[in-house]
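**Student:** First the structure, then my questions, so here it is.
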Amino acid sequence: DVNVELMGLLSAIKTSPESFLHEATVLVDQYLLLQTKEARKAWYYQQRQRYWETPSPGLLFVLMRLGFNGIWQTCAASNGLFGTPAGLLNQTTAGQIVDAASVSAWSLAMQSVDIVTGDYSNVKLPETPALIYLDPPYRDSFTTYGTVFGDEEQTRVAQWAMAAADAGHKVLFANRATETDTFFEVLMAAVFDFHYVNVVYTAGRRKKTDDGFEAKAAREFLAVSK
């Protein structure tokens, strides 16, 4: 991934799980002592400001666990760093935020994993057939990921996926679909079979109404190389 912060978080879990867990656990203990939503919200934004000044993987992980919908996005004040606003902040136990057993299991699993920060096209693929999963930013997404990913980039990643499939790899490609938009089908139908899933967005992409927001029906696809 091109996101240095997220790749740094994964690298920290892989190489230094003990120090990562220590930092995260100290923060979680501070958070759980706060009893009111107002106090937790103030703490969250104080920690986010601290992260902008001194980024660290453990702090980023806790912020993402407490942030809106668990997502990573920037904001106007973050200067390209994590800037997601606070979420519901209703956690009652440490395990809801940081599960030490899971972090240890992730670290063990990643010992045989190469973590690459950069463009996907620079990843060296093996000569033998591999399973490749691509999950680029949704087309026309409102979310700011700190990098531009318009139709030119969508076309480039689709073409890369087709080339990988033609080279003998099994490729899975996910994105958003609409009834009238056949952008990806036009590009990829000769090489990929498209499977559609109806979903409901309850956060992030909700439908605005006069009274607030309501869940919004949506459609996504998983394209599988033939």
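**Student:** Any idea which of 121, 182, 91 is furthest toward the positive side of the dipole for the range 76-196, if Lys and Arg beta-carbons carry +1 and Asp and Glu beta-carbons -1?
**Tutor:** Towards the positive end, the residue furthest out is 91.
**Student:** While we're here: Can you tell me the accessible area per residue over the chain, all protein chains present, probe 1.4 angstrom, in square angstrom? Can you show the working numbers first?
**Tutor:** Working: 13020 Å² over 226 residues.
About 58 Å² of surface per residue is accessible.
**Student:** Another question about this same structure. Can you quote the Å³ per residue value for the convex hull of the Cα atoms in the chain, rounded to an integer? Intermediate results must be reported in sequence, preceding the final value.
**Tutor:** Numbers: hull volume 34.4 nm³, N = 226.
Taking the convex hull of the Cα positions in the chain, it is 152 Å³ per residue.
**Student:** First select every other residue whose beta carbon is under 10 angstrom from the beta carbon of residue 116; then total the charges, Lys and Arg +1, Asp and Glu -1.
**Tutor:** Numbers: positive: 124; negative: 1, 114, 119.
Every neighbour counted, the sum reads -2.
**Student:** Largest first, please: the extent of the C-alpha atoms of the range 60-193 along each principal axis, to the nearest Å.
**Tutor:** Largest first, the range 60-193 extends 50, 38, 29 Å along its Cα principal axes.
**Student:** In a shell of Cβ-Cβ distance under 13 Å around residue 159, excluding residue 159 itself, what net charge do Lys and Arg (+1) and Asp and Glu (-1) give? Display every interim value, and only then the final one.
**Tutor:** Values: positive: 156; negative: 151, 152, 153, 166.
Neighbour charge sum, excluding residue 159 itself: -3.
**Student:** If I take R0 = 41 Å and measure r between the Cβ atoms of residue 224 and residue 46 in this structure, what FRET efficiency does the formula 1/(1 + (r/R0)^6) give, to the nearest 0.05? It would help to have the intermediate numbers written out before the result.
**Tutor:** Numbers: r = 45 Å, r/R0 = 1.11.
Plugging the Cβ-Cβ distance into 1/(1 + (r/R0)^6) gives 0.35.
**Student:** For residue 11 paired with residue 105, estimate the spin-label separation in nm (one decimal), with each label point 7 Å from Cα along the Cα-to-Cβ line.
**Tutor:** In this crude label model, residue 11 to residue 105 measures out at 2.6 nm.
**Student:** Along the charge dipole of the chain, which of 35, 45, 198 sits closest to the positive end, that is, farthest toward it, with unit charges on the beta carbon of Lys, Arg, Asp and Glu (+1, +1, -1, -1)?
**Tutor:** Among 35, 45, 198, the one farthest towards the positive end of the dipole of the chain is 35.
**Student:** Can you give the local net charge around residue 197? Use residues other than it whose beta-carbon is closer than 12 angstrom to its beta-carbon, Lys and Arg +1, Asp and Glu -1. Display every interim value, and only then the final one.
**Tutor:** Details: positive: 176, 219; negative: 220.
Surrounding charge for residue 197 is +1.
**Student:** Figure the gain on full extension for residue 37 and residue 217 (residue separation times 0.36 nm, minus the Cα-Cα span) and round it to one decimal in nm.
**Tutor:** On the way: separation 180, 0.36 × 180 = 64.80 nm, distance 3.01 nm.
Length difference between fully extended and current span is 61.8 nm.
The values are calculated or read from the model by the stated rules, or taken from the named source; none is laboratory data. Note that the coordinates shown come from a computational prediction; the quantities given were computed from them, not determined experimentally. When we count neighbours, we look across all protein chains shown, and the Cβ atoms used for this are built from the backbone with ideal geometry, even at glycine. Ligands, DNA and RNA are excluded from the accessible area calculation, which covers all protein heavy atoms including side chains. Shrake-Rupley method; radii C 1.70, N 1.55, O 1.52, S 1.80 Å.
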